[in-house]
Amino acid sequence: MTSPTYQRQNFPDLIVLEPSTPADSCIIWLHGLGASGDDFVPVLPHLLQALNTTQPPVLRAIYPHAPQQPVTINGGMVMPSWYDLLATSPRRQIDGQQLSDSVQRIHTLIDQQIAAGIDSRRILLAGFSQGGAVAYETAFSYPQPLAGLMALSTYIARPLQINAANQHLPVLIAHGDYDAVVSPELGEEASLLLAQSGINAESHRYPMAHEVCLQEIQDCGRFGDRCLSTRV
């Protein structure tokens, strides 16, 4: 089977990497505070290499941009942010309505992919840092079963309301041992909170700071491969 080539499509609020053959799967990747969807575009080739099956999925990759808005912890500076951070110590204090708005936006994006012919069980979510907190809430509150969630260097921002459709959602948690922005303990706390709800996440730690590494992306690819191989 010939691997598809990809065309980058730029829109005001997101980037799409569209395969040359019709997509049967999709990944939606949410960036961190102050960044943009461009941050994770270079990851796709490494991710695809790990989707090494006899019938690899034809994956559409979508990278939304967070809205530009003031961030309290950064002196009110306007920057890409999924929600306002009011404080980070000892616990993150957030603008809950802005988080809800971001979750609804990604729900709508998932709805659009389903309407375009992608089965919900072939849609992966991934999020880094603040984007990961949005991905957690988006995935578990979505009313149709999704393929899986990759939560990178992130945390659960508030108690999750888990929809029955995603009670058994596969989750990968990845974190750096030396992360001084989102402490590894917050990743461990997320794993514990999920376990208390009957969800056993796959967890990985890496000798890195608040960043991503090749081994992590390869682990994400293998995780995604398992999710897409077993869910329709």
Over region 111-232, with neighbouring protein chains present, the accessible area per residue in Å² at probe 1.4 Å is 40
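Determine the per residue accessible area of region 7-49 with all protein chains present and a 1.4 angstrom probe, expressed in square angstrom.
Numbers: 1950 Å² over 43 residues.
Roughly 45 Å² per residue, with all protein chains present.
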Across G148, G176, G75, the residue with the highest GNM fluctuation in the chain (Cα network, 10 Å cutoff) is G75
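If contacts are Cα pairs under 8 angstrom and at least 6 residues apart, what is the relative contact order of region 13-117 in percent? Let's see the in-between values first.
On the way: 156 pairs, mean separation 26.6, N = 105.
Averaging sequence separation for qualifying contacts and normalising by length gives 25 percent for region 13-117.
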Rounded to the nearest 10 Å², the accessible area of L86 using a 1.4 Å probe with every protein chain kept is 80
Hey, what do the phi angles of region 57-66 turn into as Karplus ³J(HN,Hα) couplings, whole Hz, using 6.51/-1.76/1.60 and θ = phi - 60°, x for Gly and Pro? x, 9, 9, 8, 10, 10, 10, x, 9, 5
As a check on your grasp of the helix formula, calculate [θ] at 222 nm for the chain: sum -39500 (n - 2.57) over DSSP H runs of n ≥ 4, divide by the residue count, round to the nearest 500. -9500 deg cm²/dmol
Heavy-atom accessible area of the chain with neighbours in place, 1.4 angstrom probe: carbon+sulfur share in percent works out to 53
Rounded to 5, percent antiparallel among DSSP beta bridges of the chain: 40
How high is the FRET efficiency between L14 and E211 when r is their beta carbon distance and R₀ equals 22 Å, given to the nearest 0.05? 0.45
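Can you tell me how region 76-232 classifies by the Cα gyration tensor, rounded, prolate or oblate, using a/c under 1.5 as the rounded cut? Provide the component values of the computation, followed by the final result.
Numbers: a/c = 1.60, a/b = 1.19, b/c = 1.35.
Verdict is oblate for region 76-232.
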Which residues' amide hydrogens lie under 5 Å from the amide hydrogen of M79, considering only partners 5 or more residues apart or on another chain, with H built in the peptide plane? Q69, V71
Name the long-range amide H neighbours of S203: under 5 Å, sequence gap of 5 or more, or other chain; modelled H, no Pro or chain starts. I173
Rounded to the nearest 10 Å², the accessible area of S20 at probe 1.4 Å: 80
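The values are calculated or read from the model by the stated rules, or taken from the named source; none is laboratory data. Just so it is clear, the model here is predicted, and its values are computed rather than measured. Counting neighbours? That spans all protein chains shown, and the Cβs are built from the backbone with ideal geometry, glycine included. These area figures cover heavy atoms from the full protein model, side chains too; ligands, DNA and RNA do not enter into them. Shrake-Rupley method; radii C 1.70, N 1.55, O 1.52, S 1.80 Å.
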